[in-house]
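I have placed the structure first, in the form of structure tokens, so that the comments after it can refer back to it.
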Amino acid sequence: MITSSLCQAFLHLDNGVMYKGWSFVQNSVSFGELVFNTGMTGYQEIITDPSYSNQIVVFTYPELGNTGLNEKDNESNLIHVKGIVAKNCCLYPSNWQNKISLKEFIINKKIPHIFGIDTRSLTRHLRSQGVMCAYILHKPIDQFVTQSYINFLNLDLVKRITKSNVFLLTKKNILGYDLFSYVNKKKAKEYKKEKKTLNIILIDFGCKNNIIAKLLDCNCNIYVLPATANYKFISIYKPDGIILSNGPGDPSLVSYAIQTIKKLIYFSNIPMFGICMGHQLLNLALGGSTFKLKFGHRGLNHPSGINQFSDITSQNHGFAVELSDLNKTNVHTENVFITYLNLNDQTIGGIIHNYKPIFSVQHHPEASPGPHDSNYLFQFFIELIYKLKYYKY
């Protein structure tokens, strides 16, 4: 039952700082890593994005819910955030696609939340101190309830959320596909004229729906495989190309996938495209390393580029590839070319291999948060497959 009454809510940070606010219902205790997102839109996508697994998200935009929620913008079928922190929540959304208000959605899905706090102050605190764990609960506590932060960070979140079964997605068997078809229609028609359907393996580390939409629009049949799929299992499907998807958590903990990617790199010549977590895993397989960022990159307007070139990109990650490691001889530097840098802090934003048909980006080319600057990356991936598969040299 939806009520208009408000309940007290409290946000306790693990360094002892407390914020007091309100919630629509009495929250049960929720614990997660507190991170912030600077996007002005996209709260529905963020709430349902598997990459936010085990995280409490602070929205820096001052009011959430103005456009409500619709039937097509979910990035998965589940709620993955551990909580929502906002300044204000709009109770009366206005948008032609709106099906339910954010308030109703939060109550129906029992999402822990707190609003009415100074998110500007909280964000500045996280930028200064770094991301940390926090509780959302309905009453203040005299002493912070300790929980092992180290054990929390050492969770393999990918194994928790990856699909357990293999399934095939095609334009014929996916329900409501047209609801999330955004890719360049002209280019998609060119692929259809060729009458060559490509079989793509998508390794699911926490895949977003829109990656699937982009591939379907490029005339692909998509086999979604669990993150635990090994080299032999992947080879059974004889893929034309492989997508390494986005996902949550520390990439160095996903050792089983790193070993599989290594074998794919050195024992096959299959085009591979890594996105976000997939980018980090690909670089780990090439011999690099990753490190945890102080407060991560989460937003819709991160400049990413190199040599007088820049895309405005959507990003969501708390780890990055170590730049210094790509300068060591044991990482095969002569084989790897850096294609993007995050222009805010110069961390690695993308790479391409000079001799293997593999490349990756740290941002989300499928996200399209207004501009479609990065659509060409999917087209490049498909054209790379065509050249290797159908053209003889």
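Near Ser304, within a Cβ-to-Cβ distance under 15 Å, what is the net charge of the other residues, with Lys and Arg +1 and Asp and Glu -1?
Value of the local net charge: -3.
For every other residue with a beta carbon closer than 14 angstrom to the beta carbon of Gly116, add +1 if it is Lys or Arg and -1 if Asp or Glu, then tell me the sum.
Working: positive: Lys20, Lys87, Lys103, Arg120; negative: Glu63, Asp118.
Charge balance near Gly116 sits at +2.
May I ask you to order 218-227, 238-247, 128-137 by the average number of other C-beta atoms within 10 Å around their residues, highest value first?
Averaged packing, sorted descending, gives the order 238-247, 218-227, 128-137.
Among bridges DSSP assigns within the chain, what percent are antiparallel (round to 5)? Please report the intermediate quantities before stating the final value.
On the way: 41 of 72 bridges.
That works out to approximately 55 percent antiparallel.
If you take the Cα Rg of the chain and divide it by 2.2 N^0.38 Å, with N the number of residues, what do you get? Let's see the in-between values first.
Values: Rg = 21.2 Å, N = 393, 2.2 N^0.38 = 21.3 Å.
That works out to 1.00 for the chain.
Consider just the alpha-carbon atoms of region 1-91 and return their Rg together with their Dmax, both in angstrom.
Gyration radius and largest Cα-Cα distance of region 1-91: 13.3, 40 Å.
Under a Cβ-only charge scheme (Lys and Arg +1, Asp and Glu -1), can you give me the dipole magnitude of region 7-154 about the Cα centre, in debye to the nearest 20?
Using only the charged Cβ atoms, the result is roughly 260 debye.
How big is the antiparallel share of DSSP beta bridges in region 7-154, given as a percent to the nearest 5? Walk me through the numbers on the way to the answer.
Details: 17 of 30 bridges.
Close to 55 percent.
Net charge around Cys133, counting only other residues with Cβ within less than 14 Å of its Cβ (Lys, Arg = +1; Asp, Glu = -1)? Please list the in-between numbers first.
Numbers: positive: Lys82, Lys292; negative: Asp14, Glu33.
For residues surrounding Cys133, the net value is 0.
With a ≥ b ≥ c taken as the square roots of the eigenvalues of the C-alpha gyration tensor of region 7-154, please select rounded if a/c is under 1.5 and otherwise prolate if a/b is larger than b/c or oblate if it is not?
prolate
Listed highest first by mean packing, meaning other Cβ atoms within 10 Å per residue, what order do 198-204, 256-262 come in?
Peptide ranking by packing, descending: 198-204, 256-262.
For region 305-310, in order, what is each residue's ³J(HN,Hα) by Karplus, 6.51 cos²θ - 1.76 cosθ + 1.60 with θ = phi - 60°, in whole Hz (x at glycine and Pro)?
Computed from phi, the couplings for region 305-310 are x, 6, 6, 6, 10, 8 Hz.
Along each of the three principal axes of the Cα atoms of region 223-371, give the extent in whole Å, ordering the values from largest to smallest.
Extents along the principal axes, in whole Å: 41, 35, 27.
What nm distance separates the two modelled labels at Gln26 and Arg120, each placed 7 Å from Cα along Cα→Cβ?
Label at Gln26, label at Arg120, 3.5 nm between them.
So, in nm, how far is label Phe233 from label Lys72 when the simple model puts each one 7 Å beyond its Cα toward the Cβ?
Taking the simple label geometry, Phe233 and Lys72 are separated by 3.4 nm.
For the Cα atoms of the chain, what angle does the longest principal axis make with the long axis of helix 376-390, in degrees from 0 to 90, nearest 10?
30
Before anything else, pin down the relative contact order of the chain: Cα pairs under 8 Å, at least 6 apart, normalised by residue count, whole percent. Display every interim value, and only then the final one.
Working: 861 pairs, mean separation 53.5, N = 393.
Relative contact order here is 14 percent.
For the chain, take the longest principal axis of its alpha carbons; what is the angle in degrees between that and the long axis of helix 185-194, to the nearest 10 within 0 to 90?
30
For region 57-62, what does the Karplus curve 6.51 cos²θ - 1.76 cosθ + 1.60, with θ = phi - 60°, yield as ³J(HN,Hα) per residue in whole Hz, taken in order and with x for Gly and Pro?
Taking θ as phi minus 60°, the curve returns 9, 8, 8, 6, 5, x Hz for region 57-62.
How far is helix 119-129 tilted off the main Cα axis of the chain, in degrees rounded to 10, range 0 to 90?
Long axis of 119-129 versus the principal axis of the chain: about 60 degrees.
Values in this text are rule-based calculations from the coordinates and carry no lab data. A quick note: this is a predicted structure, and the numbers were derived from the prediction, not measured. Methodologically, a virtual Cβ is constructed for each residue, glycine included, from the backbone with ideal geometry; neighbour enumeration extends over all protein chains shown.
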